[in-house]
1. Mind jotting down the distance between the C-alpha centroids of the range 187-250 and the range 59-88, whole Å?
2. Kindly report the accessible area of the range 95-174 per residue (heavy atoms of protein chains, probe 1.4 Å, no ligands, DNA or RNA), in Å².
3. Going by amide H atoms built from the backbone, whose H comes under 5 Å of the H on Val10, apart from near neighbours?
4. As a test of the formula, what do you get for the chain when each DSSP H run with n ≥ 4 contributes -39,500 (n - 2.57) and the sum is divided by the residue count, at 222 nm and rounded to the nearest 500 deg cm²/dmol?
5. Among Val260, Val231, Val218, which one shows the biggest mean-square fluctuation in a GNM of the chain, springs joining Cα atoms closer than 10 Å?
6. Rounded to the nearest 20 Debye, what is the dipole magnitude of the chain about its Cα centre when Lys and Arg each give +1 and Asp and Glu each give -1 at the C-beta?
7. For the range 8-14, take each phi angle, set θ = phi - 60°, evaluate the Karplus expression 6.51 cos²θ - 1.76 cosθ + 1.60, and give the result in whole Hz per residue in order, putting x for glycine and proline.
8. Compute the Cα gyration tensor for the range 102-245, then decide on rounded, prolate or oblate, letting a ≥ b ≥ c be the square roots of its eigenvalues: rounded whenever a/c is under 1.5, prolate when a/b is larger than b/c in the other cases, and oblate in all that remain.
Amino acid sequence: MPSESNRWLVIVNPASGRPDGGFGWRRLEHILHGAGVSFDAVHTQRPGHGETLARQALHDGRRHILAVGGDGSVNEIVHGIMTAGLADTREVTLAVAPTGTGNDWARSLGIGRNPNEIVRALVTGRTMLHDVGAIDFPASGERRWFINVAGAGYDAWVTERVPRPVPSAFTYLRIALAGLVRYRSPLFRITADRAQVEGRLLLAFVANARYCGNRMNVAPTASLDDGLLDVLAVRELSLLAVLPKLGKLYGGRILGDPAVRHLRAATVRIETDPPVAVQADGQIVGPTPAVFSLQPRALTVVTAPAGPSPAGAAARAGSGPRSD
């Protein structure tokens, strides 16, 4: 039997994605057992519970966590890992089984919803060292962690209005388009290392990975392990001006648009007048001003396997993934 540190703890968000009575998890659970993966499963019971479960698991000696849920579920677990007080968070291996509505971080990893492929990723053991983002709020002294994409302005305004659980994959886009008629863009001052952007902006994305808002390819040049954040500052736009840009946004061609300023930086400070909400991985985490930074290659993350599953991989599942 594998040691406690090598046995997977599966943290399941039963409210993630469209309601299916838990069918998605039950199917994955069956396949995990069939592949010989050693694991224990716990279910979250309320918002924020994933953070508590992950932190306690690390205190108990666990080092392998599988998140079954969407981007918000992953965010809670990442925050729990990064606040657990470990001397080296690279000891922790995080995997995701995307059962949410958007699943944007999993998309950057090449992980889909097929449970057989998810289990193959676990037993193949292909991993990478992944950057983890931090957001510091000077007014409160609080710090929040993120792993995918954060944002301030209209992106967070829409996030505040998305019902939970999210009823449809198109909910974010529908609310975003409807809200443009009444939204008033604040004045931004963005400092990205030595570069500055000032003016009335619709929003600013601060990206560690490529996708958010359910397949919006907001940062096509973002890398998960380069120690840099991709910043996209989008000037104030009307609904009629936004509509022709949607194809560019979903197709990964938005960086060439004249309404977009693209910067790359290790540290980003965003100030607005008036203050606006900040979202991280689809969760509202605080108001501006906010300072964004990265802890480079801070977490070991399971990625999609390359090629066919090797023979005997299931027998090695209990040993956990290997670092590339």
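1. After rounding, the separation between the Cα centres reads 27 Å.
2. Dividing the accessible area of the range 95-174 by its residue count gives 35 Å².
3. The answer is Asp40, Ala41, Val42, Leu66.
4. Only helices count here, giving -6500 deg cm²/dmol.
5. Val260
6. My answer is approximately 700 debye.
7. Working through the residues one at a time gives 6, 9, 9, 9, 9, 9, x Hz.
8. In terms of gyration-tensor shape, oblate.
The values are calculated or read from the model by the stated rules, or taken from the named source; none is laboratory data. This one's a predicted model, so the numbers in the text were calculated from it and none came from an experiment. Cβ: placed from backbone, ideal geometry, glycine included. Neighbour counts: every protein chain shown. SASA here: full protein model, heavy atoms, side chains in, ligands and nucleic acids out. Shrake-Rupley method; radii C 1.70, N 1.55, O 1.52, S 1.80 Å.
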